[in-house]
Every structure is written in structure tokens, then in C-alpha cells.
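Following: one structure in C-alpha cells, then a few remarks.
The values are calculated or read from the model by the stated rules, or taken from the named source; none is laboratory data. None of the values given here were measured: they were computed from a predicted structure. We place every Cβ from the backbone using ideal geometry, glycine too, and count neighbours over all the protein chains shown.
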Amino acid sequence: MGRSKIIGKKKLVRKIDIFDFSSERSEESNSIFKSFDYVQKTQNENKMKTFIKIYFLFLFIITFRQAKLEAKEIIIDKSGKITSIKQALRMCQDGDRLLIKKGYYKEYDIEINKRVQITGEGMPVVDAEFKSGLFHIKADEVRIEGLIIKNSGMSFVTEYAGIKIDSANNCVIRGNKILYNYFAIYIAYGSDCMIENNIISGRKSKSETTSGNGIHLWYCKNITIVNNKISNQRDGIYLEFSENSTIEDNISEDNLRYGLHFMFSHRCVYKGNTFRRNVGGVAVMYTKHVHMYNNKFENNWGPASYGLLLKDITDSEIKNNLFHENSSAIYLENSARLKIDDNNFIDNGWAVKIKSNSMDNEFTKNNFVDNTFDVATGSIKNHVIFNKNFWSKYTGYDLNHDGIGDVPYKPVGLFSAIIENNSPAMMLLRSLFIQILEVAEKVVPTITPVDLEDAQPLIKSVR
């Protein structure tokens, strides 16, 4: 009995101890929370002070930068205080505008390493006298406009150019005449530049080795080339390892090799351009995702000349273009998954030449009008789809008047197949023998050796 009372008292004491401990712990927790609130409040105040400091520092930087970047105009004049472009570049700061008065300035190796605008008044002439390059841009956001830039040097080891942009971004070359230079405009490792409204003409050299390209891009991206006129260069426009660029509304003509030439230059758009009378026509190679719209390929004649040569081109689209009076309008080699739609092939030697290693290409709703040969191929099997095209040589009928011929059209004729394997046979073209051969083909179409046809030829041309 006494023992049980003692045990009961011990339990009671333990409960009181626990209760007391909990009370102490509660008070301690409240103290900790109060301390935490104080620390948090202090941190918030410190953050606010820091924010205010950063805000005013930002305002100071903006104000200082604005004051610093107020552009001043430096006038270059043969009869003034500053008589040369190099002298003005030594004096100027980022954001300044250099105004070159009308006159003749004999200068070369003009290095631009500041963000400046160089503008000509009355088209002043800058002449390198064939000694070296002219403008060498090494700074971002440089603008050159309104100048005649001429007579760079020529070298087999150095890219002398009228304007060279080297590892610079957001530059603008606009409204210049760039004449008789080795390279006219050369851009290496540049991005987001604009080349617009320039007239470019080379030296009328007879050799490709002594002539450079009109506009040359090397490892560039996001370049826009718009409304330039280019002639008498090696290649009018040349791109290599240059992506996501736009080439629009340019005229490239009378060049020694190609009006347009590019390799390894993916995801570029070419629209509204004219390529005419170039010795090799246009050659594009080793590229995917090419988009060509509303271009003109005209008067590119010669044994190795093409309106458009496509070599190792994949997953691309060629639409609404005009191919007029070319030796071969389109030449396909090892190219795949091309959509060639709504184009006009008129008065060409060969409208389309297809090598057997070109697969899964589609020709749809094109007009083939008065070409000597519509299609030529070295392959017996058909790896290309022709569907719903208009052929001026088609003599079939349309009994149900649905606009589609009731008889398939075979665009590869027997004589075309013979020439593909025996080119001297071309001397028989338009002879009585070939006329008899063509009649025989119509009577017995199975003698044509190539299994390629348009199953739904259109009766009327596509507009």
C-alpha cells in the first residue's frame, strides 16, 4: 500500500516535469520565432537598401552612357581640317558619324575598330590604286553608305576586298558602288548584317583565278542580301558554311563562273533574284532546307552551264521560278526529297536532267513549254515523281473535260535517251530520221527505254 503511493507520487512528479519542460520549450520556441522575424525583417530592409543602390547605379550608368554616346559628326574634306578617312577614324569615338565630302581619296587598309557610321556626300571616291584592301571592319554596328569604293589589290593568298567584315555583327553596307576590286564585299564570321542597294562590278577579267566574288560569306549567319546588282566577278554571290540568311531581289549577271554558288549553307531563303548570262549558271551543293521562290534563271548557255545545278541537296523547295533559255534548266545529282512545284520551263535545251542517284523528288504543276528535251535521265527505272504538269508536246486527249489528259505522258524520248549515252548523236537533231523516230514512239510508246511518266498531264498550262 505504501509502495503504491510512492509510485503514484513518482508518476505525478514525472508528469509535472514533462509539463514544465514543455512550457519551457514553448517559451524558447516563441523566442526563436521572434528572433527569426527580426532577422527576416532586417534582411528585407537590407534587400531594399541594396535594390535602391542598384537602381540609382543603373540610372547613373544609363545617364553617363547616354552622355558619352551622343554622336558627333566629323567632316572629311580635301579642303578642310580633316583630309583623310584614317585621320578621322583616329579622332572619332563609338557612335560618331563620319561625313565624307565629295572628292577623290586615295587610301587603303582603312581599319575600322569603332562603332561608327561612314557616309558619303555626293558619292566620293575611295581608291586603293590596286595596292591592298580598302575598308576592314572589326567592330560591331558599323555602317558604310554612299561611297564609290574601287581598285583593291589582287592576291592569291590574301582576300583583298573593297569592304571586308571580320568577326563583326550588325553591320550595314548600303547604297555604294563597289568597282574593280578583287572581292567586293567579304564577310567572315559575321552575323546579322545587311548588304543592300549596292552596285558591284569586277574588272572584267578573263580568268577565274584573277577575280574574286562579288558578295562572299564565310561561316556567317543571319545575313540579309537585298537589291544588289552584281556583275563581272568570279561568282556573283558565294556562301560557304553560312546559315539562316536571306538573298532577295538581287541581279547577278555576266559573271565568270556562277551567278550564285553555295555549299554547306543550310536554311537559307532565295527569292525574287535574277541570275542571267553567267558562264556556269547557278550551282548549289551539299546543303539542306533550301528555299527558292520567284527567281529567274535566264540565258545561261554553255557545255557546262546550268540554270540551276543541284548537287547533294536535300529536303528543299523550289517554287514559282522561271527557267528561260538555259542549256540545262535544272540538273539533279544525288539530291533527295525536293519539292519542285509551279515553275515555268521555257525554251531550254534540257528542262530537267536527272542522275540515277537522285531519289524521292517530286515535280508538280510545272509548265514545260517548247524545250528541246523536257527530261533526260541515265536511269531506266523511275525514282522521280512527275504529276499534273503541263507539257507543250503532249498530244493526248481529255474526253471527260476534267483538265487532265486521259493518256499518260512520257517526257523522256528515245532520242533523248540515245543522246544521254552517245552525245555525238546530237548532230542528228531536227533531221528527218529523228522526226520518223518521234512518230514511231507515238505509235509504239513501248520502245521508249525509260520507265518515267506523268500519269496526270494537264491539258492547259498552270497560271
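If the requirement is being under 25 Å from Glu453 (Cβ atoms), of a type in the set (D, E, K, R) and either assigned to a strand (DSSP E or B) or within 22 Å of the chain's Cα centre (by Cα) (or both), which of these qualifies: Arg337, Arg267?
Arg337
Select from region 255-272 the residues that are among the aromatic types (Phe, Trp, Tyr) and crowded, with 22+ Cβ neighbours inside 10 Å and write down the one among them that is nearest to Ile318 (Cα to Cα).
Step by step, filter region 255-272, then rank; the result is Tyr270.
Only one of these is within 16 Å of Tyr293 (Cβ to Cβ) and buried (at least 18 other Cβ atoms within 10 Å of the Cβ): Asn343, Asn348, Asn371. Name it.
Asn343
Consider Phe275 carefully, then state whether it is aromatic (Phe, Trp, Tyr), closer than 26 Å to Ser328 by Cα and surrounded by fewer than 18 Cβ atoms within 10 Å (Cβ to Cβ).
Against the criterion (aromatic (Phe, Trp, Tyr), closer than 26 Å to Ser328 by Cα and surrounded by fewer than 18 Cβ atoms within 10 Å (Cβ to Cβ)), Phe275 does not qualify.
Exactly one of (1) within 23 Å of Phe264 (Cβ to Cβ); (2) among the charged types (D, E, K, R); (3) at pLDDT 95 or above is unmet by Arg174. Its number?
(1)
If you go through region 245-260 one residue at a time, do you hit one that is under 14 Å from the mean Cα position of the chain (by Cα) and farther than 24 Å from Val142 by Cβ?
yes
Take the conditions within 22 Å of Met359 (Cβ to Cβ) and at pLDDT 95 or above and apply them to Tyr286. Does it pass?
It is true that Tyr286 is within 22 Å of Met359 (Cβ to Cβ) and at pLDDT 95 or above.
Between Gly302, Gly349, which is modelled with pLDDT under 95, closer than 14 Å to Tyr258 by Cα and assigned by TED's automatic domain parsing to the domain that holds Thr372?
Going through Gly302, Gly349 in turn, just one is modelled with pLDDT under 95, closer than 14 Å to Tyr258 by Cα and assigned by TED's automatic domain parsing to the domain that holds Thr372: Gly302.
Is it true that some residue in region 294-310 is closer than 20 Å to Val226 by Cβ, buried (at least 17 other Cβ atoms within 10 Å of the Cβ) and among the hydroxyl-bearing types (Ser, Thr, Tyr)?
Scanning region 294-310 turns up no residue that is closer than 20 Å to Val226 by Cβ, buried (at least 17 other Cβ atoms within 10 Å of the Cβ) and among the hydroxyl-bearing types (Ser, Thr, Tyr).
Within region 299-307, is even one residue in contact with an Asp or Glu (Cβ under 7 Å, 6 or more places away or on another chain) and either more than 28 Å from Lys393 (Cβ to Cβ) or touching a residue at least 12 places away in the same chain (Cβ under 8 Å) (or both)?
Yes; the residues of region 299-307 include at least one that is in contact with an Asp or Glu (Cβ under 7 Å, 6 or more places away or on another chain) and either more than 28 Å from Lys393 (Cβ to Cβ) or touching a residue at least 12 places away in the same chain (Cβ under 8 Å) (or both).
Mind checking whether some residue in region 89-101 is surrounded by 15 or more Cβ atoms within 10 Å (Cβ to Cβ), in the same structural domain as Ser207 (by TED's automatic domain parsing), touching a residue at least 12 places away in the same chain (Cβ under 8 Å) and assigned to a helix (DSSP H, G or I)?
Yes.
Checking His289 against (1) surrounded by fewer than 17 Cβ atoms within 10 Å (Cβ to Cβ); (2) in the same structural domain as Ala188 (by TED's automatic domain parsing); (3) in contact with a Cys (Cβ under 9 Å, 6 or more places away or on another chain): exactly one of these is not met. Which one?
Here His289 meets the rest and fails (2).
Is it the case that Ile173 is over 16 Å from the mean Cα position of the chain (by Cα), touching a residue at least 12 places away in the same chain (Cβ under 8 Å), in a strand (DSSP E or B) and assigned by TED's automatic domain parsing to the domain that holds Gly146?
Here the answer is yes, as Ile173 does meet what is asked.
Does Ile223 fit the bill of being closer than 25 Å to Glu129 by Cβ and aliphatic (A, V, I, L, M)?
No: the conditions fail for Ile223.
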